[in-house]
Amino acid sequence: MILTTTFVCFCLASAFNYFRTRRQRSLIKNLKGPFTWPLMGAMHKLLFLTPKNFLQRSTEYLSKYGSLSRCWVFHRLFIPLADLELSRQLLESDTHLETGYELMKDWLGGGVLMCQSDQWQKRHALISGLFDKRNFEQLMDLSRQQADQLQQKLVEKADQKVFDIWETVSPLVLDLIVMITCGAKPSEEYSKNLESLSEIYRKRFLSLQSANRFNYWLSSPFMRKRQNRLIKRLNEEHKNLMASHQSQKQFKIGNGLDMSQLRPMPMKNFECLLEILVESKDPQLTTEEICGELNTSNYLGYLLCSSALCFCLVTIARNPSVQQRCWEELSLAQIKDQGWDLEKLPYLEAVLQETMRLYPPQVIVGRQLKKDFPYTHSVVGDGDLPFGSEIYINLFELQRNENRYPKANHFVAERFLDSPPELLSFSLGPRCCPARKLSMQLLKTLLAPILANFELLPYGDELRLDLRLIMGSSNGFQLGLKPREIGGNAI
Ligand code: HEM
C-alpha cells in the first residue's frame, strides 16, 4: 500500500514537473546535457561535487557536453557556460542583470549584489563614487602604508624556509579593504569575525547540506547560530561607525552632542564607502542596506584581492624569468623615496592579468534569467535561453580555451602586452566590478616592494586548486623568501 502510494505520488509529481517545464524544454532542445531522470533530473551530477573535484569535474563535463549545455535538477534549469561569444552577449546586456546569490543572503542581503534590479543601477553608481578621481590618490597612499606593513611582516619570514603566504598576506589585505570601506582600521575582534564568517561561507559553498536554507536550518543548527552571531557583531560595529559619523557631523555644525559614548572616526583624507552611503540622498539607504553594502565590498575585496595576490606571488616564484623581468622593470620605475610609478609597470600589470586569467579569483559569474535571452552564436546558431534559467559562467574554463587563448594552460604574461585578449575575471558589462582599476593598482602597490626587496623561491608543494567560494589552493600558497642584499640587488 505504502509502495503503491509512493509510486503514484512520484508519477504525479514527475508529470506536474514535466508540464511545468514544457516551454523551457522546447527552447533548449538544441543543447546537449546529462541524462535527465524523471523528477530528479541530473541530480547525480551534483551529488559528489566537492570543492576539490569541482574544477576537474567541470573540465570533464564541458568536454562531454560542450561549452553551452543544459542540466536539469528537479524543476531548476542550470546552464553551465564557458563560451566567450555568448558570455559577452549576456554580460553586456542591460536586461539580464539578476545575479542570484541566494547562499549569501543573510550576510550580503540589502547590498548591491542582491538588491532588486530596479535599484541596482543607482547603487552601482553610488559605490563607484568610492573609486573616482578625487579619492583615488588617497586610497593609493593608504595602500602604500599597508604595503610597508606587509614588508615588515615578510622580513620575519625571509629565512628561505617554506611557508604559506596566504597567512601573512590575507590579514593585511583584510585591514586595507576595511579601512577603505569603513574608514577605520578594524579592531582585532572585527577582523577575526570577518575571517571566521568568510570561512563559514566557504565551507557552505558546494556543500549539499547547507546549500539551501531549509537543509541548512535542519542540518547545521550550530553553524547557523554562529554565522548569525558573527553577522550581528559585524553589523553592530557598522552601526557604531555610522553613529560616530553622524554625531561628528552634527558636532561640526554645532549642535553639541555628547560624543563620549562613541568611538570617534579617525582622521583621514579620503571619503570611505560608509560615508558615501550614509550621505547619499538618491538613493537614500536604510541602515540594513548600508550594512549589506559594507559586507558586500568587504567580502569581495578581502577574498578576491587576497586570492589574486597569493596566486601571483606563487606563480612568480615558480617562473624565475618572469621574476627577473619584473625586478628589472621595477628598478627603472622607482621614484626616489616615493615607491614606484605604477604607470611604468606594464609587465607587472600583464603578470597580474595573466595570473587572473589562469586563476580567476571569482570562478563563477551567475545570472538568473527573468526574461528569455535571445542569442546569436557563430557555432551553436541562434536560439533563446528561457526565462527561469540559472546561467553559470565558468571563467576558469572559459579563459583556458585554446581557440581564444593560444597556449592556454601556460603562463604567458606577454599576451597582455601588445594586443591583450579579453579578461573576464572582473566580469564585463554594466555589472562588472566597479573596483577593477583600484584593485589592479592596489595589487601592484602591494607587489612592487615585495619583488624589489625579496627573492621569491619556488619551495614547497605545488598548488592544489580548489574552489571554496573563491579560487584557492587546498594546501595553501607555499613558497620561500630570501632578502635581496641592500646595496646589492635590492632596489
Ligand atoms: C582582484 C580583485 C577583484 C576581482 C577579481 C573582482 C571581481 C569581481 C567580479 C567578477 C564581479 C562581478 C560579480 C557578478 O556579477 O557576479 C565583481 C563585482 C563587484 N565587486 Fe569586485 N573584484 C575584485 C575586487 C573588488 C574590491 C576591492 C571591491 C571593493 C572594495 C569590489 C567590489 C565589488 C562590488 C561592489 C561588486 C558588485 C557590482 C554590482 O553587482 O553592481 N571588488 N567583482
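Some points to look at:
- Residue match in the range 190-204 (condition: touching a strand residue (DSSP E or B) at 6+ places or on another chain (Cβ under 6 Å) and either under 25 Å from residue 469 (Cα atoms) or within 16 Å of the ligand (Cβ to nearest atom) (or both)): yes
- From the options 380, 412, residue that is more than 22 Å from residue 472 (Cα to Cα) and surrounded by fewer than 21 Cβ atoms within 10 Å (Cβ to Cβ): 380
- Every residue from the range 100-126 that is within 12 Å of the ligand (Cβ to nearest atom) and surrounded by fewer than 19 Cβ atoms within 10 Å (Cβ to Cβ): 100, 101, 117, 119, 120, 121, 122, 124, 125
- Filter result for residue 34 (outside any helix (DSSP H, G or I), within 21 Å of residue 391 (Cβ to Cβ), touching a Lys or Arg at 6+ places or on another chain (Cβ under 6 Å) and not small (Gly, Ala, Ser)): yes
- Residues satisfying the stated conditions in the range 111-160, i.e. polar (S, T, N, Q), over 30 Å from residue 455 (Cα atoms) and modelled with pLDDT of 90 or more: 121, 128, 135
- Test for residue 291: is it within 16 Å of the ligand (Cβ to nearest atom) and more than 21 Å from residue 426 (Cβ to Cβ): yes
- Cβ separations smaller than 7 Å between residues 6+ apart or across chains give the following pairs from the range 107-128 residues that are in contact (Cβ under 8 Å) with a residue 12 or more places away in the chain and among the charged types (D, E, K, R) to residues that are more than 10 Å from the ligand (Cβ to nearest atom) and part of a loop (DSSP other than H, G, I, E, B): 122/282; 122/283; 123/283.
- When 454, 416, 411, 387 are checked against the criterion of being touching a Leu at 6+ places or on another chain (Cβ under 9 Å), aromatic (Phe, Trp, Tyr) and within 16 Å of the ligand (Cβ to nearest atom), 416 stands alone in meeting it.
- Residue 300 crowded, with 18+ Cβ neighbours inside 10 Å and in contact with a helix residue (DSSP H, G or I) (Cβ under 6 Å, 6 or more places away or on another chain): no
- Helices (runs of 4 or more DSSP H) fully within the range 83-176 counting 3 or more residues that are of a type outside the set (A, V, I, L, M, F, W, C): 84-91, 117-128, 133-155
- Single condition residue 406 does not satisfy, out of (1) more than 11 Å from the ligand (Cβ to nearest atom); (2) buried (at least 16 other Cβ atoms within 10 Å of the Cβ); (3) not polar (S, T, N, Q): (2)
- Residue check for residue 430: outside any loop (DSSP other than H, G, I, E, B) and more than 12 Å from the ligand (Cβ to nearest atom): no
- The residue of the range 297-356 that is farthest from residue 422 (Cα to Cα), among those that are more than 16 Å from the ligand (Cβ to nearest atom) and among the acidic types (Asp, Glu), is 337.
- Pair list, Cβ < 9 Å and 6+ apart or interchain, from the range 301-327 residues that are over 13 Å from residue 473 (Cα atoms) and without any contact (Cβ under 8 Å) to a residue 24 or more places away in the chain to residues that are of a type in the set (Ser, Thr, Tyr) and surrounded by fewer than 21 Cβ atoms within 10 Å (Cβ to Cβ): 325/347
- Pick from the range 48-63, criterion in a helix (DSSP H, G or I) and hydroxyl-bearing (Ser, Thr, Tyr), ranking: farthest from the chain's Cα centre (by Cα): 63
- Any chance residue 133 is farther than 19 Å from residue 308 by Cα, surrounded by fewer than 20 Cβ atoms within 10 Å (Cβ to Cβ) and more than 15 Å from the ligand (Cβ to nearest atom): yes
- Evaluation of residue 436 against (1) away from the ligand (no atom under 11 Å from the Cβ); (2) surrounded by fewer than 20 Cβ atoms within 10 Å (Cβ to Cβ) (one fails), failing number: (1)
The values are calculated or read from the model by the stated rules, or taken from the named source; none is laboratory data. What you see is a predicted model; the values in this text were computed from it and never measured. Methodologically, a virtual Cβ is constructed for each residue, glycine included, from the backbone with ideal geometry; neighbour enumeration extends over all protein chains shown.
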